[in-house]
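Here's the structure we're looking at; comments come further down.
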Amino acid sequence: MAIVEPIESTGGARRLRVSSPVTRETIGEIAVTSPAEVRAAVQRARAAQPAWAAAGFGERARVMRRALKILIRRQEEFIDVLVRETGRSRMETIMMEIFASCDSLAYHAKHAEKILADQKKPLHLLRTKRLVITYRPLGVIGVITPWNGPFVLALNPSVQAMMAGNAVVVKPSEVTPLAGRLLTELFREAALPEGVLTVLEGDGETGAALVEAGVDKISFTGSVRTGRKVGEACGRNLIPCTLELGGKDPMIVCADADLERAAGGAVFGAFMNTGQYCCSTERVYVVEPVAAEFTRRVVDKVRALRQGKEGEFDLGPMIWPNQLDVIESHVEDARSKGATVVTGGRRSPTLGNMFYEATVLTDVTHDMRIMREETFGPILPILRVKDEEEAIRLANDSTYGLSANVWTRSDARAMALARRLESGSICINDAAVTYGALEAPFGGRKASGVGQVNGETGLRGYCYATPVIFDRFGPKEEQVWYPYTAAKGQLLQKIIKWVWGTPLGDLLG
Ligand code: NAD
């Protein structure tokens, strides 16, 4: 059982067959792009990039706005393809892929110029100089993406990189290649100049070849295991990378939380995209006084979820069969160590093998894999804790640190807890919204990643921040130029004493 499987081929490129996670019917085939073809694509991108950078923000924004209009006009068609490839509900596809992609195109078309404008900075010491920081494109960006948000996770970094004046070469997941084709189609119709965006089909071999193909940065989204390899290869090639990796997001429910909202947020946070979301809520710590009531409300809501394949439904199938093995082994491990499966805990008996039921576990402990390893499926383990101190200690007792959510009516308590969470981002009284807040830098701590996408930091990460320093007054020479004399040395020593040794110097320095 595999959604993507090799096809017997004699000579030529390796070929893979991709089939629907719902019907198992073949929905497409891809030819794996060879390392030589990857290098050629990067060279074409490099040739196209200078003209694209020279076209300026106005022209680049016009292309993004054209793409936006096309996406709005053709959305039904795009939704159909994405639903067929992932089995997700239409509503979820609209929310996760189309809505978020429209926002990325519009936001970056509108704001990139301002965020990447030259910055004039006063100098605290060298008052006779003037500093301007310019944000220059890096050149060619390699974008490598996963299967769980196949369209938006390829589009969003590409839009940012292109708005910054770069060319991009994208390697989407082999599990969801149709989404990559949509990206090509969208920008072709938007009349993006040839070579500025290239989508390469292929598997890990193609991704690895892209990292080695002479790109100027890699923007990688995927698992910790692959991210580590990509990071190592980038280190060897001395190119920067952002690594957006897996998570084991904790949720903390305080005694003063709005329990109805918290229960709804737990269910949405854990089961959105059938749990195949990097920022899924994967473990809950609820304080003792409200634990029973919170759990009761969660279980009621989970039992009301509709899992299906057509019409209106909430949960779809797993997109990638291998993930089912992980889910089952985590649930079995928990069960064997004493966890209670309150609801779910099995593949759907009616919908087929790729559908795992929405599952709630209680009586879990921190030595269970379900509390420590990324499950990436529709499982919500709930652990009762004595107080917030214990919740924070357990939330931080993880190799991951992608995002977290805290539920309380007190902003002060929320902020105090947020400051102590070892997490790339934190939501208060909500879950899974940070990636959609384009102003917010998004990234992971610990094994959840390196660097950030989105926000000013993310956009500027596709640039080289180049300081340009002007001399303001143009004297014939500077104090520190040749010839070196004892008198010049003594003057510098006086300056040291004055600037860092007197209150007035401290004030002006
Ligand atoms: P994956 O690491 O298996 O694959 C990701 C991409 O890397 C694919 O395109 C794959 O072909 C490619 N690849 C494989 N081997 C490679 C190599 N040696 N060099 C370069 N590229 C290679 O991940 P996946 O299973 O597709 O995605 C699921 C994972 O992604 C989960 O762990 C999830 O948490 C994570 N994820 C993280 C974020 C985030 O923003 N932090 C977002 C979505 C998904």
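The values are calculated or read from the model by the stated rules, or taken from the named source; none is laboratory data. Remember, predicted model here, so these are calculated numbers, not experimental data. Note: ideal-geometry Cβ built from the backbone for every residue, glycine included; neighbour counts use all protein chains shown. The area values use the complete protein model at the heavy-atom level, side chains included, leaving out ligands, DNA and RNA. Shrake-Rupley method; radii C 1.70, N 1.55, O 1.52, S 1.80 Å.
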Next item on the list: Give just the number: which of (1) surrounded by fewer than 24 Cβ atoms within 10 Å (Cβ to Cβ); (2) assigned to a loop (DSSP other than H, G, I, E, B); (3) at pLDDT below 95 does Phe313 not satisfy?
Entry: (3)
Next item on the list: Scan the range 137-163 for residues that are closer than 15 Å to Thr242 by Cβ and either within 13 Å of the ligand (Cβ to nearest atom) or touching a Phe, Trp or Tyr at 6+ places or on another chain (Cβ under 8 Å) (or both) and report the count.
Entry: 13
Check: What is the residue count in the range 50-67 for residues that are over 21 Å from Leu138 (Cα atoms), surrounded by fewer than 21 Cβ atoms within 10 Å (Cβ to Cβ) and in contact with a helix residue (DSSP H, G or I) (Cβ under 6 Å, 6 or more places away or on another chain)?
Finding: 1
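Quick grid of which residues meet (1) within 16 Å of the ligand (Cβ to nearest atom); (2) closer than 26 Å to Lys248 by Cβ; (3) at pLDDT below 95:
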residue: Ala412; (1), (2), (3): no, no, no
residue: Ser425; (1), (2), (3): yes, yes, no
residue: Glu439; (1), (2), (3): no, yes, no
residue: Phe442; (1), (2), (3): yes, yes, no
residue: Val468; (1), (2), (3): no, no, no
residue: Thr485; (1), (2), (3): no, no, no
residue: Leu504; (1), (2), (3): no, no, yes
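Do any helices (runs of 4 or more DSSP H) entirely within the range 186-289 hold 3 or more residues that are open to solvent by 20 Å² or more (accessible area, probe 1.4 Å) and within 8 Å of the ligand (Cβ to nearest atom), and if so, which? Full working, then the answer.
Details: elements: 204-211, 224-237, 259-271.
Where helices (runs of 4 or more DSSP H) fall fully within the range 186-289 and carry at least 3 residues being open to solvent by 20 Å² or more (accessible area, probe 1.4 Å) and within 8 Å of the ligand (Cβ to nearest atom), they are 204-211, 224-237.
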Next item on the list: Return the total of residues in the range 390-413 being closer than 11 Å to Arg445 by Cα and either part of a strand (DSSP E or B) or open to solvent by less than 10 Å² (accessible area, probe 1.4 Å) (or both).
Entry: 4
Next item on the list: Would you mind stating whether Arg90 is among the charged types (D, E, K, R), farther than 21 Å from Glu77 by Cα and either surrounded by fewer than 22 Cβ atoms within 10 Å (Cβ to Cβ) or away from the ligand (no atom under 15 Å from the Cβ) (or both)?
Entry: no
Next item on the list: Hey, can you tell me all the residues within the range 396-445 that are free of Cβ contacts under 8 Å to residues at least 40 places away in the same chain and of a type in the set (Val, Ile, Thr)?
Entry: Ile426, Ile428, Val433
Item checked: Residue match in the range 365-376 (condition: surrounded by 24 or more Cβ atoms within 10 Å (Cβ to Cβ), on the phi > 0 side of the Ramachandran plot and aromatic (Phe, Trp, Tyr)) -> yes
Margin query: The conditions are (1) open to solvent by less than 40 Å² (accessible area, probe 1.4 Å); (2) outside any loop (DSSP other than H, G, I, E, B); (3) within 16 Å of the ligand (Cβ to nearest atom), and Met318 fails exactly one of them. Which is it?
Written below: (2)
Note to self: So if I check each of Val143, Val159, which one is hydrophobic (A, V, I, L, M, F, W, C), open to solvent by less than 30 Å² (accessible area, probe 1.4 Å), under 30 Å from Gly377 (Cα atoms) and assigned to a helix (DSSP H, G or I)?
What the structure shows: Val159
Check: Looking only at residues in the range 169-185 that are among the charged types (D, E, K, R) and within 9 Å of the ligand (Cβ to nearest atom), which one is nearest to Asn156 (Cα to Cα)?
Finding: Lys171
